[in-house]
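Here is the structure we will look at, set down as structure tokens.
The values are calculated or read from the model by the stated rules, or taken from the named source; none is laboratory data. Please read all numbers here as calculations on a predicted model, not as lab measurements. Here the Cβ positions follow ideal geometry from the backbone for every residue, glycine too, while neighbour counts run over all protein chains shown. These area figures cover heavy atoms from the full protein model, side chains too; ligands, DNA and RNA do not enter into them. Shrake-Rupley method; radii C 1.70, N 1.55, O 1.52, S 1.80 Å.
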Amino acid sequence: MPETIADACDFDLAYQATARDPRYAHFINIPERIIRCLDYFHLACNRIEVRQRLRAYYLFIGVVDDWIDRGELEIGKDILERFNDRIPCSADRTVGSRVSLVTEVLKQNISDDDYLAVVGRLHELYRAVVAERKDETITAYIEQRKVVGRLTAELSYVLIRSFVEGDGRDFGAFLKQVGVVGCLIDSVIDLRADTRLGLVSFKPTIGDFLKLLISTLREGLNVSMKHPALLGVFLEAVSDNVRDRFRAGPQPAPRFISSSGKEGVPSVV
């Protein structure tokens, strides 16, 4: 077998293995739900292209998020550097790293016309994630989570808009609302674990958790009341998200953080 074909096979096998990892099951299921929402908005699309690009994007989000949650926040800078080069890296430099793998696949699934817009928004998203980790109150944290959710969803629309027929502005706005809800639900599920792992810069109280829960319910009900026909899709997504926590396996070990509000004394939660 020629070396170039073998490399391509190894690349594809490594990518498929990543996509089948149970911890990313929720992300892999998102594209089909977005397509169902496109149908609800009566927007025709090239389903094959939309599904492929969204799959590449959300698997990328899942893998990178996994690494950032391990305390590898600086990896975002390395990833963004890779987007500066439009030419794909060689397979032997990619298959050994899941982050490199999903990054290269995402690069291949960005249209030339949208490449600069996507990369620009990826930079915005990374800055938002970095800012989120520095929030020292639940109010600031909730608002920043909303920003992250909107940017994540907006990026998904930019990726597929060339393959959607008709005026998709209402759909784009809807996606951003759903992105906010999704990010807040993630926080409700993960806040306790994120605190224990040192991924937030404050120690949430019961009152903080209730404030987060109320904000999540308010945003979720707002979207559901506007689009009651999609309630089943929303509930399915929440259920899938919760199940992901049981499929993901052991969490990474806690790490030490410094809290500026406590004279810089490291603490572990």
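Note on the stretch 24-119: enclosed helices (runs of 4 or more DSSP H) holding 1 or more residues that are within 18 Å of Leu155 (Cα to Cα) and of a type in the set (Ser, Thr, Tyr) are 47-69, 98-108. Yes or no: Ala14 surrounded by 14 or more Cβ atoms within 10 Å (Cβ to Cβ), among the small types (Gly, Ala, Ser), at pLDDT below 90 and part of a helix (DSSP H, G or I)? In short, yes. When restricted to residues that are over 16 Å from Leu80 (Cα atoms) and surrounded by fewer than 16 Cβ atoms within 10 Å (Cβ to Cβ), the stretch 115-139 contains 5. Does the stretch 86-104 contain any residue that is open to solvent by less than 10 Å² (accessible area, probe 1.4 Å), farther than 22 Å from Pro22 by Cβ, among the polar types (S, T, N, Q) and in contact (Cβ under 8 Å) with a residue 24 or more places away in the chain? Yes, the conditions are met somewhere in the stretch 86-104. With respect to Leu175, is the statement that it is open to solvent by 60 Å² or more (accessible area, probe 1.4 Å), of a type outside the set (D, E, K, R) and within 21 Å of the chain's Cα centre (by Cα) true? Answer is no for this residue.
Within the stretch 11-32, residues that are within 13 Å of Phe60 (Cα to Cα) have Cβ atoms under 7 Å from residues that are surrounded by fewer than 15 Cβ atoms within 10 Å (Cβ to Cβ) in these pairs: Arg23/Arg247; Arg23/Gly249; Ala25/Arg247, counting only partners at least 6 apart in sequence or on another chain. Between a first residue in the stretch 189-200 that is under 16 Å from Lys134 (Cα atoms) and a second residue that is open to solvent by less than 10 Å² (accessible area, probe 1.4 Å) and of a type in the set (Ser, Thr, Tyr), which pairs have beta carbons less than 7 Å apart while being 6 or more apart in sequence or on different chains? From the stretch 189-200, the pairs are Val200/Tyr141. For the residues Arg55, Arg33, the requirement of being closer than 23 Å to Asp186 by Cα, in contact with a Pro (Cβ under 6 Å, 6 or more places away or on another chain) and surrounded by 15 or more Cβ atoms within 10 Å (Cβ to Cβ) singles out Arg55. Yes or no: the stretch 159-166 includes at least one residue that is in a helix (DSSP H, G or I), out of contact with any strand residue (DSSP E or B) (no Cβ under 8 Å at 6 or more places or on another chain), buried (at least 18 other Cβ atoms within 10 Å of the Cβ) and not basic (Lys, Arg). Yes - at least one qualifying residue is present in the stretch 159-166. Within the stretch 149-158, the residues that satisfy the criterion of being open to solvent by 10 Å² or more (accessible area, probe 1.4 Å) and farther than 19 Å from Arg47 by Cβ are Arg150, Leu151, Thr152, Glu154. Among the residues making up the stretch 207-236, those that are within 20 Å of the chain's Cα centre (by Cα) and open to solvent by 70 Å² or more (accessible area, probe 1.4 Å) are Leu235, Glu236. The set of residues in the stretch 189-201 that are crowded, with 18+ Cβ neighbours inside 10 Å and either among the aliphatic types (A, V, I, L, M) or not in a helix (DSSP H, G or I) (or both) comprises Leu191, Leu197, Gly198, Leu199, Val200, Ser201. Figure legend. Inter-residue proximity from the stretch 136-154: first residues closer than 18 Å to Leu54 by Cβ and hydrophobic (A, V, I, L, M, F, W, C), second residues in a helix (DSSP H, G or I) and open to solvent by 30 Å² or more (accessible area, probe 1.4 Å), beta-carbon distance below 7 Å, spacing 6+ or different chains. Indicated pairs: Leu151/Arg121; Leu151/Glu124; Ala153/Lys176; Ala153/Val178.
Could you tell me which of the residues Ile142, Ile75 is over 13 Å from the mean Cα position of the chain (by Cα), surrounded by 20 or more Cβ atoms within 10 Å (Cβ to Cβ) and hydrophobic (A, V, I, L, M, F, W, C)? When all the criteria are applied, what remains is Ile142.
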